[in-house]
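Here's the structure we're looking at; comments come further down.
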Amino acid sequence: MLRGKGASTMPNEDSPLVPAKEAGEDDQKQRVQQKSSSDMLLKIAIFTILGAVLIGISTTFELSHKHPKATEALAVMIVTVVWFMAEIIPISIVSLMPLPLYALLDISSAAELTGVFFSSSSVILIVGQFLSLAVVRWGLHQRLCIMVAAAMGQRIETLVLGFMISAWFLSFWISNTATTLSLLPAAQAFLETVPREGHGNVHAAFLLAIAFSATAGGIATPVGTPPNAIFMQQMRDFWPEEEGVSFLMFMAAAFPLSVLLLGLIWLGFCVGFVWWKDTPRVEVDRQLFIKRKAALPKFSYEEQVVLLVALVLITLWFTASPINSFPGWTAHTAPRMDIGSIGIMCTLPLFIIPCGCALPQALQRVLGTSRCTSSTASEREAEPPRFVLDWGAVRQKFNFDLLLCLGGANMIGQGTIESGLASVIAEQLARIQGPYLGYVAIILFVTSLTTEFVSNAATMGILGPVVAASASNSGRNAVHALLGSTFACSFSFALPTASGPNIVVYGTGQVKLLFLMRIGLAVELGALMIGTLWVSYAVPVILGPTTDYGPPSIEGIGGH
């Protein structure tokens, strides 16, 4: 229908102008895609050629006559790290590079490398993911967060502390990335009630406080983050004849440090964005969380099952090793079990316990029909749930990339040790003179800096053998130094890509890059100072002489 004098000149759906415009847009998109593909291919070619040249050069000279393969191992490490940082291809694929390169250069056999690719640390990671997916699938984490926020939401200081404690505690047991993602909706719901005018930085700081707390929480337990699991594996590899560090011993050394970091992050938020002079007061709508708490469904059957399994698992982990005169339940019952096997034993039943909607009607009535609807999962999943954990649902959300990265870290560690590179670098680090405090500060700084650019699992795989060897060569306690390096793998706060939680909050668009870097760097420096003092003075007291194991079983160290 014509609409006035100029209507016939206006483009409509029949006009050739629209297809021409669309064609132009398509051509432009195609040119952009072609340019992007060309740039990607050029980068791949450049990095491939540079890597080949570097490895070729490494075969022409030796860093150490005692360890002739150390030079080539260093070249492989540099090539792998550069590809990690380039982010041209997924880091999970880059993690596989050491397998052909180490075997091709005769640094280590393919059989030995594939043997360490999947280790007990991999099993610990699988257990953590099973537990994480069960908690998230049935909403147990959200219930905890809302209840804590409703109880502590009177003031902005206590509200952010409630969110931080929730993120911190959940990250003990489940992925810190999953934790941050799960708390984000509730945090953003609160921030929508805070006007941006006069409170612009509060939005970003609130999200960063949650992300940093999740990272700090991962330090506290052996299953909290991949470097912790790698530490437990390296303890068995480096000192195979010793008892190693138990779950309880690790938490005794790590938990207080994690608490200190949580306090640092909270104080930083309050001083910088609440208590600072002339800072406008942020009003908290506590009713928001009280209403959310009131709207929570009844404590479901599946949540009860997951909570029970988690409590049993944690109890078994704590009591597996000696506690004072108690020898640990594994001593006489199952002496060959470890953290990973205990975890699998407890989480496998989640795959065979029926979910509420699959229970017989009579049993549903006993438990409460409203608790057995399985609505939390059925509303979000295409297939109706059958068990507390269904493999179909797990397979879609299981982080296989993390397993590949962990396997790559194990292979890098194997090549670093077998080539003698760990010994060569350790000999140089052992020359560091001065007090133990200075040595620890250097180790933690190097580790923290590395993990800003390389995955924390790869960082631990690369630096773990070096740190243990250098501490032993310089007459220092290798276990304490190795544990300090493990902690520092979780001190990466300053870049968006430094950790999963950072990526999550940066991806919201509410956190500016420079703001994240400025606040993250301040937290990282604080963490390094606290960590250095903690490892230097507290860890030796907590672990005592029981971990003075002597030289690690690393090529070129202590007669190995």
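Every number in this text was worked out from the coordinates using simple rules, so none of it is lab data. The structure displayed is predicted, hence computed values, not measured ones. Virtual Cβ from ideal backbone geometry, glycine too; neighbours counted across all protein chains shown.
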**OP:** Compute the convex hull volume of the Cα atoms of the stretch 311-442, divide it by the residue count, and report the result per residue in Å³ as a whole number.
**Re:** 237 Å³
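Can you divide the C-alpha Rg of the stretch 117-225 by 2.2 N^0.38 Å and report the result to two decimal places?
Compared with the compact-globule rule of thumb, the stretch 117-225 sits at 1.14.
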**OP:** Kindly put 539, 53 in sequence by how many other C-beta atoms sit within 10 Å of each C-beta, fewest to most.
**Re:** 53, 539
Subject >> Amide hydrogen neighbours beyond the local backbone of residue 323, cut-off 5 Å, H modeled >> reply: 328
Original post:
What percent of all Cα-Cα pairs in the stretch 389-543 falls in each 5 Å bin, counting up from 0?
Top reply: 2, 9, 16, 18, 17, 15, 11, 7, 4, 1, 0, 0
Original post:
When the convex hull of the C-alpha atoms of the stretch 479-560 is computed, what volume per residue in Å³ does it have?
Top reply: 116 Å³
Original post:
Gain in length, residue 188 to residue 106, computed as 0.36 nm per residue apart minus the alpha-carbon separation, to one decimal in nm?
Top reply: 24.2 nm
Subject >> Count of lysine pairs in the chain with Cα separation under 24 Å (8 or more residues apart, or interchain) >> reply: 5
**OP:** Using +1 at the Cβ of each Lys and Arg and -1 at the Cβ of each Asp and Glu in the chain, identify which of 478, 103, 263 lies farthest towards the dipole's positive end.
**Re:** 263
**OP:** Pick out the long, greasy-scoring helices in the chain: whole DSSP H runs spanning 20 Å or more along their own axis by Cα, mean Kyte-Doolittle at least 1.0.
**Re:** 70-86, 120-137, 156-170, 200-217, 247-273, 301-319, 436-453, 513-533
Subject >> Viscosity 1.002 mPa s, 20 °C: Kirkwood-radius Stokes-Einstein D of the stretch 198-273 over Cα pairs, µm²/s >> reply: 152 µm²/s
**OP:** For the stretch 197-354, just run the numbers: alpha carbon Rg, then divide by 2.2 N^0.38 Å, N being how many residues it has.
**Re:** 1.40
**OP:** Could you list 289, 61 in order of exposure, starting from the residue whose Cβ has the fewest other Cβ atoms within 10 Å?
**Re:** 61, 289
Original post:
Which order do 355, 346 fall in if you start with the one that has the fewest other Cβ atoms within 10 Å?
Top reply: 346, 355
Original post:
Stretch residue 361-residue 296 to full length: gain in nm at 0.36 nm per residue minus the Cα-Cα span?
Top reply: 21.0 nm
**OP:** Can you grab the distance from the C-alpha centre of the stretch 246-320 to the C-alpha centre of the stretch 97-157, Å, no decimals?
**Re:** 19 Å
Subject >> Residue-averaged [θ]222 nm for the chain, counting only DSSP H segments that reach four residues, each worth -39500 (n - 2.57) >> reply: -21000 deg cm²/dmol
Subject >> Length gained when the stretch residue 431-residue 50 is fully extended (0.36 nm per residue, less Cα-Cα span) >> reply: 134.0 nm
Subject >> Distance between modelled label sites at residue 546 and residue 275, nm, 7 Å Cα→Cβ extension >> reply: 3.7 nm
Original post:
Per the Kirkwood formula on distinct C-alpha pairs, the Rh of the chain is how many angstrom?
Top reply: 25.9 Å
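Give the dimensionless ratio obtained when the Cα radius of gyration of the stretch 75-123 is divided by 2.2 N^0.38 Å. Mind dumping the intermediate values first?
Values: Rg = 11.6 Å, N = 49, 2.2 N^0.38 = 9.7 Å.
Taking N as the residue count of the stretch 75-123, the ratio is 1.20.
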**OP:** Report the calculated FRET efficiency for residue 522 and residue 147 (r = Cβ-Cβ distance, R0 = 25 Å), to the nearest 0.05.
**Re:** 0.20
Subject >> Sum of side-chain charges, residue 385 neighbourhood, beta-carbon under 12 Å (Lys, Arg +1; Asp, Glu -1) >> reply: -2
Original post:
Simple spin-label model, 7 Å along Cα-to-Cβ: residue 394 to residue 155 in nm?
Top reply: 4.6 nm
Subject >> Computed E for residue 348/residue 30 - FRET, C-beta separation, R0 56 angstrom, nearest 0.05 >> reply: 0.65
